1. If you go through region B:182-198 one residue at a time, do you hit one that is over 22 Å from residue B:132 (Cα atoms), of a type outside the set (Val, Ile, Thr) and either buried (at least 24 other Cβ atoms within 10 Å of the Cβ) or touching a residue at least 12 places away in the same chain (Cβ under 8 Å) (or both)?
2. Taking interchain pairs and intrachain pairs at least six residues apart, which have beta carbon atoms under 7 angstrom, with the first residue in region A:426-443 and away from chain B (no Cβ under 14 Å) and the second among the charged types (D, E, K, R)?
3. Looking at this structure, is residue B:42 touching an Asp or Glu at 6+ places or on another chain (Cβ under 9 Å), small (Gly, Ala, Ser), in the same structural domain as residue B:156 (by TED's automatic domain parsing) and in a loop (DSSP other than H, G, I, E, B)?
4. Select, from A:169, A:202, A:173, the only residue that is within 27 Å of residue A:458 (Cβ to Cβ), crowded, with 24+ Cβ neighbours inside 10 Å and either touching a Gly at 6+ places or on another chain (Cβ under 7 Å) or within 14 Å of chain B (Cβ to nearest Cβ) (or both).
5. Is there a residue in region A:155-165 that is assigned to a helix (DSSP H, G or I) and more than 14 Å from every other protein chain (Cβ to nearest Cβ)?
6. The conditions are (1) outside any helix (DSSP H, G or I); (2) of a type outside the set (Gly, Ala, Ser); (3) touching a residue at least 60 places away in the same chain (Cβ under 8 Å), and residue A:294 fails exactly one of them. Which is it?
7. Can you pull out the residues in region A:289-320 that are surrounded by fewer than 24 Cβ atoms within 10 Å (Cβ to Cβ) and among the aromatic types (Phe, Trp, Tyr)?
2 protein chains.
Amino acid sequence: MGRSDLERISRFFLPKSIAIIGVSRKPGKIGHEILRNIKLSGYEGRVYPVNTSGESILGYKTYKSVEELEAGTVDLAIIAVPAESTESVMRGLVSKRVPAVVVISSGFSEVGNFELESKIVSIARASGMRLIGPNTFGIFCSKSRMNATFGPNYVLPGKTAFITQSGALGLALMDWTTEERYGVSAIVSIGNKADVDDADLLDFLAQDVNTASVLVYMEGLKNGRKFINSARKTVRAKPLIIIKAGTSKKGAVAASSHTGSIAGQDRVFSAAIKEAGVMRAGSMTQAFDWIQAINENPVPRGENIVIVTNGGGIGVLATDRCEDYGINLMEIPKDLKDELRKNVPSFGSLKNPIDMTANADDAIYGRVLSILVNRKDVHGIVALFCQTANIDAQLVAQAIVSLRRGEVGLGAEEDSKPITIAFIGGRQAQAAYSRMIQRKFAAYPTAERAVDGMFALIQRYRAMKDRHTSSARGKNLC
Amino acid sequence: MGRSDLERISRFFLPKSIAIIGVSRKPGKIGHEILRNIKLSGYEGRVYPVNTSGESILGYKTYKSVEELEAGTVDLAIIAVPAESTESVMRGLVSKRVPAVVVISSGFSEVGNFELESKIVSIARASGMRLIGPNTFGIFCSKSRMNATFGPNYVLPGKTAFITQSGALGLALMDWTTEERYGVSAIVSIGNKADVDDADLLDFLAQDVNTASVLVYMEGLKNGRKFINSARKTVRAKPLIIIKAGTSKKGAVAASSHTGSIAGQDRVFSAAIKEAGVMRAGSMTQAFDWIQAINENPVPRGENIVIVTNGGGIGVLATDRCEDYGINLMEIPKDLKDELRKNVPSFGSLKNPIDMTANADDAIYGRVLSILVNRKDVHGIVALFCQTANIDAQLVAQAIVSLRRGEVGLGAEEDSKPITIAFIGGRQAQAAYSRMIQRKFAAYPTAERAVDGMFALIQRYRAMKDRHTSSARGKNLC
């Protein structure tokens, strides 16, 4: 992707002005909701609603038709007219030299109307205009404070960009992220991918400083090679997580009747994205668990992981899960054991997992974690907590929080370690868990999910090591 | 297990009287907390606290020593004295003809003190007394309103019995069940399993009418054959779910340092419990998701499952998961398609998953589900809902609730079908989800977990079919 391609794609995320074509005055109608969301999100560029009646809507001056817009003034156009009117609207936008268009309208390839879809794509391509959609719910970008979607009107700003091929799932997750306090840097409903595809968006997001990680929900893929190239570039800059639906035979059929795209040969795709360092999540829960671990932690400097627990049982469960994932539980060296022995109750275990027993209170958690944080040979910590009668979960949470020195992880910024934490139990444990989330820690309600979070960090460590190695090799070849 | 064995085990769950040995007057001390929980839970039998100072505690008359108790009056004794005093207490209890003892005290095989452990077991066995523990947090039984644990003082009564080898995890989950509104019929902290083991408890729980399903958290197993026999008997009566920790090499080592038990050869164990019809969960989340589906639904009468969704994407994800689990997505027959066509928006898909599109409202959900409920050839439904702007999740929940006629599942009691439901989205979806949980439906926050719930029901269907077949075969042999 050349400089000017990137420039055009950037208009979708950072437009200086937006036209919305097909804005009803009636609340509830899609065009109206998009305009309302643009207003509520605090977008500061110029806004041009186009409505045949030509009245003012939501305080914005409206335009009777695309023809009334001044050529060269619109950066991004959102089309929310019926499918049959899109062709003429597109021609109008081309004449006004609009570089980027999102077609919200449905009724294209997803219902068998391939002809109309290729028509609007041809119009766009002939003029160098780029097109997202059709059949999308729009685009959100936290940097430009632009919520050009008909989804929820409030979205928390954050570090992760989310590309979704499914509209309904995307809308539901958009809603869910805010409720669960996950922030996003961008959400793109990519729809039928008639022109702009995942790869185009990745090229932009890879270099976007506001995006620290990218999540792609994908059903079908048209150009596998292009995607892998962009994925590889993205992984060099930041973690890329994919949920690929339609991996089963029946799932592929369902995906094809849903979006008209072909799910493709999963095995080939799997191998290629793995090689590229992409992290493939098995479920939405896993994807968000991974993102949380990644966003709130530094990348570990190695694979020596230590589990610390006050419950032997969850220590064992976590150990099993580590082995499933190929996570290396560090052999605790003698000098570390000696240091730990002074702080772990005598009935406990100094093997990894370190079982501090149910007698461990917040002071013991604090001391043991502090010892581990100050060891160069420990690269990551999974801290597990079971609510028992004699221990205050909030104090344990506080003990962990007070070990943070930088912005993420534990310890001083320049030598910070990743930590994932499970708080298991009822009201108290759940309150402690919420507190940790608010304090920007990767906290989870079960031991397995805390291990899952650490697994994401290990994957990221490996991807960066591999990338580093291969780019070094590349240099040798020159 | 003979009649009298069962009778003795039943004393643990349904004692007519309880003695607690080692009750401090000090709140926070274990013996005190157990007495307090027994009082708060509303236990109606006689209670005999034993305390050397002999004063009254929490309004109960106390006894200075075991010797003061009248022989033959105590059904169940709870021992909460230091390990070194347990031997003499045991001898005293034997002389009073106490049939059942729970040893809360720790400091036995779990810390290498095998000698003391076999001593107290010998004392028990010589007199026919049964012993749970040592190293446990106690026992809870909803039927006898007895919370003889030092865990949370409020536990919701319900249908599932929970046996746990891990104390801390058990306590945390005990706490969590109430917070999440999961009810339990019994909780047993089984500790070191020096005498009573999982198999003994299963023999009781299999025939206990208050228990509809059993969950066992297990790290090690001493007598595999005995367990499999009891598991097989249990499965004939009700679903049995096991979480077996220590399946990995390092996990097995951790389990052994935690409970002193040998994790055993996992592959052999796996095959044996599978053959016995036991359901083995991979995580706590999965185990509880399974239990929820089982407790709130009838067993399906076949394997024809239909997915209904308003989001193509989650339909595809759910389909993938079904294929992973070997769940049969029914081929929709022509007459059913014709019936559905009148109710599903024209852009939707009548293939399975049935995609009603984002235009589906509560009326459409209601009609489509009602059609499926009335079909004999549909055996189970997975209903998925994505929160979108134009649909009220609560109304969809209400539409589903109104299709219930009996106590569980959908449709009339005599022909009820299982349903698992996902509500995906923010505040509205989460409120609808909570409402469904309150109304005793198996509801989940993701599509994958709703499929997981249905998987549990399919497993139960298969186990019952197999059991039925093998017992029929048995008859032929006679």
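The values are calculated or read from the model by the stated rules, or taken from the named source; none is laboratory data. Just so it is clear, the structure is predicted and the values come from calculations on it, not from any experiment. With ideal geometry, Cβ positions are generated from the backbone for all residues, glycine too; neighbour counts draw on all protein chains shown.
1. Looking only at region B:182-198, we keep the residues that are over 22 Å from residue B:132 (Cα atoms), and these are B:182-183.
Then keep just the ones that are of a type outside the set (Val, Ile, Thr); that gives B:182-183.
Applying the additional criterion that residues be either buried (at least 24 other Cβ atoms within 10 Å of the Cβ) or touching a residue at least 12 places away in the same chain (Cβ under 8 Å) (or both) yields B:182-183.
The answer is yes; a qualifying residue exists.
2. A:437/A:181; A:440/A:296; A:441/A:296; A:442/A:296
3. Values: touching an Asp or Glu at 6+ places or on another chain (Cβ under 9 Å): no; small (Gly, Ala, Ser): yes; in the same structural domain as residue B:156 (by TED's automatic domain parsing): yes; in a loop (DSSP other than H, G, I, E, B): yes.
Criteria not met by residue B:42.
4. Numbers: A:169 fails: within 27 Å of residue A:458 (Cβ to Cβ); A:202 fails: either touching a Gly at 6+ places or on another chain (Cβ under 7 Å) or within 14 Å of chain B (Cβ to nearest Cβ) (or both).
After ruling out the rest, the residue left standing is A:173.
5. First, pick out the residues of region A:155-165 that are assigned to a helix (DSSP H, G or I): none.
Checked region A:155-165: no residue is assigned to a helix (DSSP H, G or I) and more than 14 Å from every other protein chain (Cβ to nearest Cβ).
6. (1)
7. Those that are surrounded by fewer than 24 Cβ atoms within 10 Å (Cβ to Cβ) and among the aromatic types (Phe, Trp, Tyr): none in region A:289-320.
Conditions (1) without any contact (Cβ under 8 Å) to a residue 24 or more places away in the chain; (2) aromatic (Phe, Trp, Tyr); (3) outside the structural domain of residue A:225 (by TED's automatic domain parsing), marked per residue:
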| residue | (1), (2), (3) |
| --- | --- |
| A:273 | no, no, no |
| A:288 | no, yes, yes |
| A:305 | no, no, yes |
| A:316 | no, no, yes |
| A:352 | no, no, yes |
